[in-house]
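Before any comments, here is the structure.
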Amino acid sequence: MFDISTAEGRLNYRFSGHETFACRYAWLPKAYRAIAADASIFYDEDAAMVELGIGKNMVRALRFWVDAMGIAHPTSERKHEITDLGHTVFGSDGCDPYLEDARTLWLLHWNLSSVATPALFAWHYLLGAWPYAEFSRSEALAAFSRQSQRLGHSHSEITLSQHLDVFLHTYLSARGSRSGIEDSLDGPLVELRLLQQTGERRSEGGRWEAVYAFRKEPKDNISDELFAYAVLDYWERTAPGERTIPIRQILSAAGAPGQSFKLPEDDIRARLERLSLDPRYGFTYRPSAIQGLLSREGPIRADARAIYMNEATINA
């Protein structure tokens with residue numbers, strides 16, 4: 001079994017904070033408007049319950065998702081500061097205030113799977129380090145327990161189980177389940193169809209359980225501008241002073257575009273070749289069957305608004 005504790009060092013991870021709730025469709029637009037009106041709203045739970053129309057645990061969950069999805073970040077003054085991405089998507093001239101554009105959903109997924117700090121354990125491990133083509137819930141939960149211990153934690157099975165379920169509910173529709181109406185409301189990232197049930201098999205206890213796999217194929221709704229944004233963002237966060245980055249890292253490192261978006265290698269190489277021909281993106285693709293490289297001349301910065309405007313995704 002691949003061990004993230006030895007492969008990437010002792011990283012900090014979040015296993016909780018979502019209060020067992022996956023993010024709902026209406027939550028992020030509501031949160032943006034509430035923070036824009038009162039930056040300290042999430043530090044007064046009673047006021048937030050009234051303003052947002054949700055219960056106390058959901059308020060705490062929404063505070064978690066606002067941060068993890070990169071819409072706003074807490075400050076030392078017990079307030080939230082809206083990010084450039086938050087303004088770009090939900091602002092008065094926002095590009096997608098009602099989450100109707102698949103590019104926005106992929107951006108939110110990108111933040112969960114790559115940008116969130118500390119990293120969300122289920123996202124980092126299942127998307128970036130899971131070594132098999134498929135997984136069942138019991139297999140993933142057993143792996144979570146092993147990895148938690150290797151990382152020096154003592155999480156209970158309940159904590160790990162809830163964290164795994166939130167991950168599954170983020171990407172799989174709950175419609176048709178036996179849970180209540182409120183629990184059956186899907187979140188926005190279900191629309192990506194990134195995670196799919198591929199069948200069933202017996203667990204070690206003899207019970208039948210669902211088997212899941214990520215949809216690893218070219219994805220037309222991940223535009224070249226969006227992919228370039230992810231490459232530049234990943235590069236600037238993980239190797240800010242480096243003029244080159246190995247293609248293999250873009251393809252297969254945990255939190256890199258290839259793993260987060262589950263794109264096949266030939267699709268990624270074709271995208272990089274196209275993007276390198278456009279001087280706006282600031283990097284050159286040097287293909288090689290052994291160790292291809294991306295190279296750049298100077299610092300670059302990813303710009304989310306350019307994804308929607310079909311403009312350059314860099315600013316010097």
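The values are calculated or read from the model by the stated rules, or taken from the named source; none is laboratory data. Fair warning: this is a prediction, and the values are worked out from it, not measured in the lab. Cβ placement follows ideal geometry from the backbone for every residue including glycine, while neighbour counts extend to all protein chains displayed. Keep in mind that these areas ignore ligands, DNA and RNA; they rest on the heavy atoms of the full protein, side chains included. Shrake-Rupley method; radii C 1.70, N 1.55, O 1.52, S 1.80 Å.
Output the residues belonging to the stretch 297-309 that are within 29 Å of residue 102 (Cβ to Cβ) and either open to solvent by 40 Å² or more (accessible area, probe 1.4 Å) or free of Cβ contacts under 8 Å to residues at least 12 places away in the same chain (or both).
Selection gives 301, 303, 305, 309.
Among the residues of the stretch 58-99, how many are of a type in the set (Phe, Trp, Tyr) and open to solvent by less than 10 Å² (accessible area, probe 1.4 Å)?
Number satisfying all stated conditions: 1.
Please determine whether any residue of the stretch 95-103 is under 19 Å from residue 255 (Cβ atoms), of a type in the set (A, V, I, L, M, F, W, C), in contact with a Leu (Cβ under 8 Å, 6 or more places away or on another chain) and in a helix (DSSP H, G or I).
For the stretch 95-103, residues under 19 Å from residue 255 (Cβ atoms), of a type in the set (A, V, I, L, M, F, W, C), in contact with a Leu (Cβ under 8 Å, 6 or more places away or on another chain) and in a helix (DSSP H, G or I): absent.
Residues of the stretch 257-281 being of a type in the set (S, T, N, Q) and modelled with pLDDT under 95, which ones?
276, the sole residue that qualifies.
Taking the condition of a type in the set (Gly, Ala, Ser), under 30 Å from residue 303 (Cβ atoms) and either open to solvent by less than 60 Å² (accessible area, probe 1.4 Å) or modelled with pLDDT under 95 (or both), does residue 55 pass?
No; evaluated as a whole, the condition is false for this residue.
Considering only the stretch 188-227, state which residues are aromatic (Phe, Trp, Tyr) and at pLDDT 95 or above.
Filtering the stretch 188-227 for residues aromatic (Phe, Trp, Tyr) gives 208, 212, 214, 227.
Hits for the stretch 188-227 are 212, 214, 227.
Give the stretch 266-296 a look and list any residue that's of a type in the set (D, E, K, R), outside any helix (DSSP H, G or I) and open to solvent by 20 Å² or more (accessible area, probe 1.4 Å), or say none.
278, 286, listed by residue number.
Please verify whether residue 236 is assigned to a helix (DSSP H, G or I), acidic (Asp, Glu) and in contact (Cβ under 8 Å) with a residue 12 or more places away in the chain, treating the condition exactly as stated.
Spelling it out, residue 236 is indeed assigned to a helix (DSSP H, G or I), acidic (Asp, Glu) and in contact (Cβ under 8 Å) with a residue 12 or more places away in the chain.
Of everything in the stretch 20-40, what is touching a Gly at 6+ places or on another chain (Cβ under 7 Å) and of a type outside the set (Phe, Trp, Tyr)? Give them in sequence order.
Within the stretch 20-40, 22, 23, 24 qualify.
Can you find even one residue in the stretch 84-92 that is among the aliphatic types (A, V, I, L, M) and under 20 Å from the mean Cα position of the chain (by Cα)?
Among the residues of the stretch 84-92, at least one is among the aliphatic types (A, V, I, L, M) and under 20 Å from the mean Cα position of the chain (by Cα), which makes the answer yes.
So which residues in the stretch 239-255 are assigned to a loop (DSSP other than H, G, I, E, B) and over 15 Å from residue 124 (Cα atoms)? Talk me through it step by step, then tell me what you get.
As a first pass, look at the stretch 239-255 and keep what is assigned to a loop (DSSP other than H, G, I, E, B): 239-243, 253-255.
Residues satisfying the conditions are 239, 240, 241, 242, 243.
Okay, residues lined up against (1) assigned to a loop (DSSP other than H, G, I, E, B); (2) open to solvent by 10 Å² or more (accessible area, probe 1.4 Å); (3) touching a Ser or Thr at 6+ places or on another chain (Cβ under 6 Å):
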site	(1), (2), (3)
108	no, no, no
114	no, yes, yes
138	no, yes, yes
145	no, yes, no
155	yes, yes, yes
173	yes, yes, no
189	no, no, yes
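So how many residues does the stretch 13-52 have that are open to solvent by 20 Å² or more (accessible area, probe 1.4 Å) and in a helix (DSSP H, G or I)?
Total satisfying the criteria: 12.
Quick check on my filter: what residues within the stretch 56-94 are in a loop (DSSP other than H, G, I, E, B), of a type outside the set (Val, Ile, Thr) and over 22 Å from residue 21 (Cα atoms)?
If the condition is that a residue be in a loop (DSSP other than H, G, I, E, B), of a type outside the set (Val, Ile, Thr) and over 22 Å from residue 21 (Cα atoms), then 76, 77, 78, 79, 91, 92, 93, 94 are the ones that fit.
Condition check: among the aliphatic types (A, V, I, L, M) and without any contact (Cβ under 8 Å) to a residue 60 or more places away in the chain. Does residue 164 satisfy that?
Answer is yes for this residue.
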